[in-house]
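Laboratory data are not the source of any read-out in this text; all were calculated from the coordinates shown. Since the model is a prediction, treat every value here as computed from it, not as a measurement. Ideal geometry is used to build each Cβ from the backbone, glycine not excepted, and the neighbour counts take in all protein chains shown.
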Amino acid sequence: MYNSQFSYPTKISITPSVTIDITPDMNSETGFCNFHPNITLKNSQKTTENRTSMADSTYIYTFGFTTGSLMIKECVKTSELYLKKGKWNSVRESLNTHNILQIRTLSSRKRLTSEVIGRLKKLTSAQLELFAKGNFAEQKAIAWLAVCKKYNFLADFAQEVVREKFLKLDYNLTKDDYRIFFNAKIEWHEELESLKKSTKQKIEQQVFKMLKEADIIDSKGTIMQAFLTQTVIDAIKDDNKSLLSIFPVFDNITGI
């Protein structure tokens, strides 16, 4: 007999990641009704439950960050120059003409200059000023913010894997964690499939290198809590408070 509490077919949520679809099948000979449950498991890598993520399947991942690492020193010099000149075209011309970043060849100089300016353009005026005038710990934080704002791949990994592990008190970030994330993203981002093996390896190396430079992980791959100054927190919250989740911090900091 049908349960009057439900209308059939029906869907029952067991947990946020598990649902059961129930479809009845009446046997005309016996008069009994058989029920056929179908269990659906949501891929936890596609969505991060109860977290604000920058993930969106509509954008394309790009990997220009392999041009350089976190480039804190270069970014600080460039942000200082921007505060003096106020125009990015003037900054670009000065960097290329006077070789302020001290890069040997002109082609490499132009490529690195373009990458640095591309990151800094993603920052607000307050964040740029903090980059130029803050202490080294603040500059590291803003450098990580800039590269995550420019590259969604890094932001997604920081939010969906690094911070989630931190919140679960699982502080060991492994290459397997990264590769599981990468492979799961292929379903949403076909551009990942076309990457050469050597390119994939370079991306992975750069991701872990930058995480170390930003003090997100130590040399052994241990996730370290980010102790952001109130100045950094305010500069990020005034922009978009969800960006705080690219750092290993607790919910009382992000307010999410």
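Structure notes:
- Ignoring lysines fewer than eight residues from Lys212 along the same chain, the ones with Cα atoms less than 17 angstrom from its Cα are Lys73, Lys140, Lys165, Lys175, Lys202, Lys220.
- The fewest-to-most ranking of Met71, Met224 by surrounding Cβ atoms within 10 Å reads Met224, Met71.
- Gain on full stretching of the segment that runs from Asp176 to Lys209 - 0.36 nm per residue minus C-alpha separation: 10.3 nm
- Most to least packed among 60-70, 128-138, 84-94 [average Cβ atoms within 10 Å]: 128-138, 60-70, 84-94
- If the Kirkwood radius is taken over C-alpha pairs of region 109-256, then at 20 °C and 1.002 mPa s the Stokes-Einstein diffusion coefficient equals 134 µm²/s.
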